Structures are given as C-alpha cells and as structure tokens.
1. Which residues' amide hydrogens lie under 5 Å from the amide hydrogen of GLY20, considering only partners 5 or more residues apart or on another chain, with H built in the peptide plane?
2. Counting Lys +1, Arg +1, Asp -1, Glu -1, what net charge surrounds GLU99 among other residues with beta carbon under 10 Å of its beta carbon?
3. Each residue of the range 112-118 in turn: what ³J(HN,Hα) in whole Hz from Karplus with 6.51, -1.76, 1.60 and θ = phi - 60°, glycine and Pro shown as x?
4. Calculate one ³J(HN,Hα) per residue across the range 31-43 by plugging θ = phi - 60° into the Karplus curve 6.51 cos²θ - 1.76 cosθ + 1.60, and present them in order as whole Hz with x for glycine and proline.
5. Taking K and R as +1 and D and E as -1, what net charge do the other residues with C-beta under 9 Å from the C-beta of LEU163 add up to?
6. What is the Cα radius of gyration of the range 38-130 over 2.2 N^0.38 Å, N being its residue count?
7. Taking amide H atoms as placed 1.01 Å from N in the peptide plane, list the residues 5 or more away in sequence, or in a different chain, whose amide H sits under 5 Å from that of LEU183.
8. Check each of the GluC sites (Glu not before Pro) in the range 16-62 and keep only those in coil by DSSP with at most 16 other C-beta atoms within 10 angstrom; list them in order.
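Rule-based calculations on the coordinates, nothing more; no lab input. If you're wondering where the values come from, they're calculated on a predicted model, not measured in any experiment. Here the Cβ positions follow ideal geometry from the backbone for every residue, glycine too, while neighbour counts run over all protein chains shown.
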Amino acid sequence: MVKLNKIYTRTGDDGTSGLGTGERRLKSDLRFEAIGTVDELNGTIGMVRLHTEGELDAMLATIQNDLFDLGADLATPETGEKLPYERLAIIPSQVERLEREIDAMNARLTPLTSFILPAGSPAAAHLHLARTVARRAERLMVALSQAPGETVSEAALTYVNRLSDHLFVAGRIANDDGRADVLWVPGASR
C-alpha cells in the first residue's frame, strides 16, 4: 500500500503539503494541524510503550496502528468523488474495541473518590500526557468538522473521544490498578 523509496521530495518547500486526494494545502491548514496532532499522539504513545509490556503494550500497539488509519482518514476528506483507491477510514468496530478494552480495564479498578493527578509510574504519567494530546487532537478535529467545506467522519470523532477515555483508564491500570494513583487534594497548598 505504501512505498517510500525517497524521503525528501522538495514538494513541500513552498509551505504546502498534499492530501490523499492530491489537493495541496498550506501546511498551516487546520486539516494538517489535526493530522499532525494525531501523529504527535502516536509518537507520545510510542514513548509510553517504553514503559509497558504484556496486554497493555499490545493494546497500545493496536492503537498506534489505528492512529495511522485515523491520519489516513483525515488526509483523505470525503468529497463524494471517486478515488483510484479504496479510502481508508476509521470504522465503528475500532471504536467498539476501545470500549470493550475500557470496560475490561475499568472492571479491575475501584471507583474514584477524587480527581487524579497525571503522575505515578512512568507509564501512567506518559499515558496521561498522551490523553491530553488526544484531547487536543479531538478539539482540532471538531474545529475542522465545523469549518466551511470540511468534513470529518463521525467514526473518527467518536474514536478520538473514546481514545482519551481509554488512555485515562490505562493510566490508572499502569498505576498498580489504581492503587498508586496520585489523588488531587483540593486546596492542599493554600
């Protein structure tokens, strides 16, 4: 599907980049902001994976692959025009998988009695950072979906929303199933 035999092409030297449709836009375009933030999220999850193993690491590896699917979805806006290839897009089963994983992880946790700080184990701290990047990606995707002439699939928006929930719960799992969560103490430093 992808063949990269030359890394630099010089086509972006003018400050533009190409979408999957062939359309060129400024690199500062809101669509590229969303795509770039999804890419940043993927890199952040790669950093998390330095501190994970087993089932959690396998879930994160699948999510990293999904994030490339999401980037492809965003890079090829639905225009109704026929493409010479099948458009890759996030599908509902990817969201459903996240929901099953959230439910399974959450079943291991005691309910929260306070907000938690993005801290604890290295994996947990990195997962909470990834969660904040996911929320930024979501905000950009929502803004893009509201921009005149732009579209973002409902499945893509749902996926990134659910992903931030997944990363939050995974952060608690990485903190010894929530036992090592660092709780917020309101007004503690007053």
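1. Hits under the 5 Å cutoff: THR76.
2. -1
3. Result, ordered by residue: 6, 10, 7, 5, 10, 7, x Hz.
4. Going residue by residue, I get 5, 6, 4, 5, 4, x, 6, 5, 5, 4, 4, 4, x Hz, with x marking Gly and Pro.
5. Local charge sum for LEU163: -1.
6. Scaled against compact globular proteins, the figure is 1.32.
7. LEU117
8. Hits after loop and neighbour filter: GLU23, GLU53.
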